[in-house]
Each structure stands twice: as structure tokens, then as C-alpha cells.
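Here's the structure we're looking at; comments come further down.
Only the coordinates and a few stated rules stand behind these numbers; no lab work does. Small disclaimer: the values here were computed from a predicted structure and weren't measured.
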Amino acid sequence: MSSIPANYLALFQPYMQEPPVDVLGCARAAGLEVYSVDLPNGVSGMIQRTNGNTFECYVDASEPSVRQRFTAAHELGHFVLHRDSLGQTHEDNYLLRSDGMTNWQETQANRFAADLLMPRELVAEAVEGGTTNVSELARLFNVSELAMGIRLGLKT
Ligand SMILES: [Zn+2]
């Protein structure tokens, strides 16, 4: 079971057909623009309310692209799952933790990100297709080896 709500999963489908998943396409389909910008030290990502219920997302341009993709997917998770808890500005530090959210909400956002970037069916297809090495799978999905290792159940 994906942790992504079915209505959003349907919206994201065109961007999740094959690896690597187009995380910016998914975010845009949900109504969230993602910008890669210089963020203050120690801040990996943030969501800002622009007006009413409209938000923009920023990820730290100085971090590696696999990291920016995971952060963007994590922030999209907050946008989809926790929109009512988002204040004016929501910041996640380098551990993808924040003052405004509970640990459970952060865990939910991380699961959402993993399900978005590494859909279980696509990972299974790649493994069945002969890509069994963690580094190769990580490259194929444009995620970190750590994230892919966790998805594969190799690390806890
Ligand atoms: Zn977060």
C-alpha cells in the first residue's frame, strides 16, 4: 500500500510511469511549485504560504540533487497530508525535522517521499529486469543509496 492518498496517486501517475520519478511534475500537478534556492544554513527545505491556501516550496540549492529531490518529495508530503497544520512558513532542517510538526508527521512525510520516489512496483520491476545492485538502483531512481537501501529493507 502506498502512503500517497489515491486521489493524489492518480494525479501523479503521468509523472511516475518509469524511473526516475518526476517529483517536480508531481508537485506541480498537486498545485505546488518547487524552487531550488539558497536557504539559510541548516535548512534543507521549506514551504511558504503565498496567499490563502496557496503554497510555494523551496529546497536548498547547495545540496546534492538526490537530496533536493527527497526534500521536495518530503515537503510535498506535508503539503498533501498536513496542509491544515502548515503555518505561514514551515521549515525542515537537514534531518527533515521541524518545530511545527510532530515526529509522526515527519515520519509520514518521509514515507510519502519514499513511496513517491521509489514506488514499490517500479522498484520490483527494475529488480526483476536484472538491476539488483543498490548503487545501480539508486542511480536509476535518482535517489541516495541510503534511501534505496532502506526501501529494499537492507538497512534499518
Ligand atoms: Zn518535514
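Comparing V23, V127, V80 in a Gaussian network model of the chain (Cα springs below 10 Å), the most mobile by mean-square fluctuation is V127. Distance distribution note for the chain: the fraction of Cα pairs above 19 angstrom is 51%. Computed extension gain for A61 through E125, at 0.36 nm per residue and net of the alpha carbon distance, reaches 19.9 nm. Only DSSP H runs of four or more residues enter the estimate; each adds -39500 (n - 2.57), and after division by the residues of the chain the mean residue ellipticity at 222 nm equals -13500 deg cm²/dmol.
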